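Every read-out reported here was derived from the displayed coordinates using simple, explicitly stated rules and does not represent laboratory data. In this text, all values refer to a predicted model and were calculated from it rather than measured experimentally. Please note: Cβ atoms are built from the backbone with ideal geometry, for glycine as well, and neighbour counts cover all protein chains shown.
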Amino acid sequence: MNEQSHQRIARAQWTALLVGLLGTAATIVGAFVNTKQFFFSYLFAFLFWLSLSMGCFAVTTIHQLTGGRWGWPTRRFLEAGFMVLPLMLVLFIPIFFGLHYLYPWARPDEVGADKVLHDRHAYQNGLWYIVRQIFFLLVFIGMAARLRVWSLRQDATADALPTRRARFISGPGIVIYGLLGTFASVDWIMSLELHWYSTMFGVIVLIGQILCAYAFSVVMLALFKGEPPIAAVLDKTQYHQLGNLLLAFVLFWTYVSFGEFLIIYSGDLPHELEWYLHRIAGNWKFVLAAVAAFHFFVPFFLLLFRAAKKHATPLTTLAAMLFVMHIVHTYWLVMPAFHQQNLAVSWMDFTAPIGIGGIWFAFFLSRLRAAPLIPRHDPGLQFAFVYAEP
Amino acid sequence: MAEFIEHDQLLHAARRTYAEGYRNIDAFSPFPIEGLAEAIGHEHTNVPFVTLIGGMIGGLGGYFMHWIAMARLYPLNVGGRPYNSWPNFIPITFELTILIASLTAFISVFIFNRLPELHHPVFNTPEFSRASIDRFFLLIEADDPMFNLDRTQTFLKSLGAHKISIVESEAEE
């Protein structure tokens, strides 16, 4: 990275931090205006940015294990993305103070009156919730930090040992991601509803995270494609491959999301339906329609065309749309637990994601600045250069 | 027909030949070469469009079968759901979309390639059997408007061909 782009990223970093702090300050004011709304807006915003970092971790492990030419130009963006995880652990702390605003199981009067919540209390209680979240985040921070360390050590040596080490973490890493991620999705979102449970829900959340990370890396490639180290390896093939991956994960997301709905629709049981009844109530159904249209139909049909995948502009537009729709989808997952009768947008629903997002980006850019934009000496990197299309 | 030893020689030669103005050309290689199809001018085929039509027939047909049976001819009340209970119809609709689309793709590839074609004049060239082992071939058909036996041979030679052979069509015999 040359001096000029270094300074450009540094300036963007300070701008992001400023925007983030302003957004956070505004949101903190909101905490005194409407505390319950504040906690829900904060949870939604926090979960979105956390899911991006988690997705970056998952995609990096996938690439370490499977290779593919799309992975080397995007590697450093993904690494910088998951290196924000320690910040996310700090940003989790405010939620620990508002559990009784968010979760029915954290309200003693409801637990006392409800047999199911009472039976679940041994697992679902405030102390265990906090212990579990710290444990989940520490495990991911630990694995992510090792992945980053081995990746940076590979930059310094031509010996392939660091990459072998990184692969050695990635195998168990992707399994642990699936296991802990499922438990975490129960804690984060599923238990917002009184009795609802779904075995497919963890998968929906995790696939959404991975899709979001892919979309994010396409957008980052588009922003940095002029930088010399990236321009040297980037051609149509990487866009084509990333486009195919986006298509695959759009399909996977739709498959699990619809599968969950179809099973609950066929079963028609009260404790399963509450989730969907809150999420189609009033104007929420239009949010759902927008998610179905722009998280599935539009990207699915456009990504079928090779022309849309091979060229930077249409693919970046689609990726940016998927990224935005992932925010809307997270909103639709979290917020109907609070506004159960109708869609009610608060100004904090904007300041919270902008605030956390600004701080997230400041950290992301500082991590991006700390390493070369293309990993060096990776044994697979040679394949990134061959078969370049004219 | 020109024979090449390395795959990038063939790719390069195919691009040059196309740039020279030859259109009725074909290439043979023991393994897929990235970019070769584009190099000999295979930009566009009708297979995706025909597959789309097949998929639409499959999808609409699949949904129609449910709708006509469950909502019109023999309305059945399943747990108080509407007769036209669309979420339950999606799996079969989806499966039939994929089934008809893939069958259409498979059959249309056969038809557009005029398969099955059991013999082709290139097999008269003895070395051609190596096209499935370790050699790379570029064929310029005689009915190409640019074709001229001497000039085409000289041109192929200039591309660095290992060997040039003339493929005789049986019709002339």
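When a/c is below 1.5 the answer is rounded, else prolate if a/b is larger than b/c, else oblate, so apply that to segment A:39-146 with a ≥ b ≥ c taken from the square roots of the Cα gyration tensor eigenvalues.
Prolate, since a/c reaches 1.5 and a/b exceeds b/c.
Relative contact order, percent, of chain A when contacts are C-alpha pairs under 8 Å separated by at least 6 residues?
35 percent
Given a cut-off of under 8 Å on Cα pairs at least six residues apart, what relative contact order in percent is computed for chain B?
44 percent
Quick one: Karplus J couplings for segment A:11-26, per residue in order, coefficients 6.51, -1.76, 1.60, θ = phi - 60°, nearest Hz, x for Gly and Pro?
After applying 6.51 cos²θ - 1.76 cosθ + 1.60, I find 4, 4, 5, 5, 4, 4, 5, 4, 4, x, 5, 4, x, 5, 4, 4 Hz.
When chain A is treated as a GNM, springs tying every alpha-carbon pair under 10 Å, which of A:333, A:365, A:138 comes out with the largest mean-square fluctuation?
A:138
What list of ³J(HN,Hα) values in whole Hz, one per residue of segment A:276-293 in order, does the Karplus curve 6.51 cos²θ - 1.76 cosθ + 1.60 (θ = phi - 60°) give from phi, with Gly and Pro shown as x?
Working through the residues one at a time gives 6, 4, 5, 8, 10, 5, x, 7, 4, 5, 6, 5, 4, 4, 5, 4, 4, 6 Hz.
In segment A:30-118, which chymotrypsin sites (Phe, Trp or Tyr not before Pro) fall in coil by DSSP and have 14 or fewer other Cβ atoms within 10 Å?
A:97
Is the shape of segment B:3-100 best called rounded, prolate or oblate, per the rule: a/c under 1.5 gives rounded, else a/b larger than b/c gives prolate, else oblate, with a ≥ b ≥ c the square roots of the Cα gyration tensor eigenvalues?
Prolate.
Compute the separation of the alpha-carbon centres of segment B:89-165 and segment A:211-248 and state it in Å as a whole number.
Cα centroid to Cα centroid, the span is 33 Å.
Straight-line reach from residue A:310: which lysines have Cα under 16 Å away, leaving out those fewer than 8 places along the same chain?
Within reach: A:225, A:236.
Mind listing the phi-derived Karplus ³J(HN,Hα) values for segment A:316-326, rounded to whole Hz, using 6.51, -1.76 and 1.60 with θ = phi - 60°, and x for any glycine or proline?
Once θ is set to phi - 60°, the couplings for segment A:316-326 become 5, 4, 5, 5, 4, 5, 5, 4, 4, 5, 5 Hz.
If you average the alpha carbon positions of segment B:28-56 and of segment A:164-181, how far apart do those two centres end up, in angstrom?
Segment B:28-56 and segment A:164-181 have Cα centres spaced 38 Å from each other.
Taking the number of other C-beta atoms within 10 Å as the exposure measure, put A:278, A:295, A:195 in order starting with the fewest.
Fewest-to-most ranking of A:278, A:295, A:195: A:195, A:278, A:295.
Given +1 on the Cβ of Lys and Arg, -1 on the Cβ of Asp and Glu, and no further charges, what dipole in debye does chain B carry about its Cα centre, rounded to the nearest 20?
Result for chain B is approximately 1000 debye, rounded to the nearest 20.
Can you give me the relative contact order of segment A:255-390 as a percent, contacts being Cα pairs under 8 Å and 6 or more apart?
That works out to 27 percent.
Using DSSP to define loop residues, name the GluC sites (Glu not before Pro) in segment B:23-107 whose beta-carbon has at most 12 other beta-carbon atoms within 10 Å.
Listed in order of number, the matching sites are B:43.
Compute the length gained on full extension between residue A:277 and residue A:66: take 0.36 nm times their separation in residues and subtract their Cα-Cα distance, giving the result in nm to one decimal.
This chain segment gains 71.9 nm when fully extended.
For the pair residue A:11 and residue B:154, what calculated FRET efficiency results from E = 1/(1 + (r/R0)^6), where r is the Cβ-Cβ distance and R0 = 51 Å, to the nearest 0.05?
Calculated transfer efficiency: 0.25.
Would you calculate the separation in nanometres between label points at residue B:143 and residue A:33, each defined as 7 Å from the Cα along the Cα-to-beta-carbon direction?
Output for this residue pair reads 7.7 nm.
Using the number of other C-beta atoms within 10 angstrom as an exposure proxy, rank A:186, A:59 with the fewest first.
A:186, A:59
Only counting other Cβ atoms within 10 Å, I'd like A:109, A:119 sorted with the fewest neighbours first.
With the sparsest Cβ surroundings first, the list reads A:109, A:119.
With springs connecting C-alpha atoms under 10 Å apart, model chain A as a Gaussian network and identify which of A:268, A:155, A:378 has the largest mean-square fluctuation.
Maximum among the listed residues: A:268.
Show the residues, 5+ positions off or on another chain, whose built amide H is closer than 5 Å to the amide H of residue B:27.
Counting only residues 5 or more places away or on other chains, the set is B:139.
Across segment B:47-112, how large is the tail of the calculated P(r) beyond 19 Å, expressed as a percent of all Cα pairs?
41 percent
Whose amide H sits under 5 Å from the amide H of residue B:163, counting only residues 5 or more places off or on another chain, with H placed in the peptide plane?
Hits under the 5 Å cutoff: B:3.
At 7 Å along the Cα-to-beta-carbon direction for both residue A:109 and residue A:244, put a label point, then send me their distance in nm to one decimal.
Spacing of the two 7 Å Cα→Cβ label points: 5.8 nm.
When a/c is below 1.5 the answer is rounded, else prolate if a/b is larger than b/c, else oblate, so apply that to the protein assembly as shown with a ≥ b ≥ c taken from the square roots of the Cα gyration tensor eigenvalues.
Oblate is the answer for the protein assembly as shown, as a/c is 1.5 or above yet b/c matches or exceeds a/b.
Under 13 Å from a label point 7 Å along Cα→Cβ of residue A:347: give me every residue in segment A:47-78 with its amide N that close.
Of the residues in segment A:47-78, none has backbone N under 13 Å from the label point off residue A:347.
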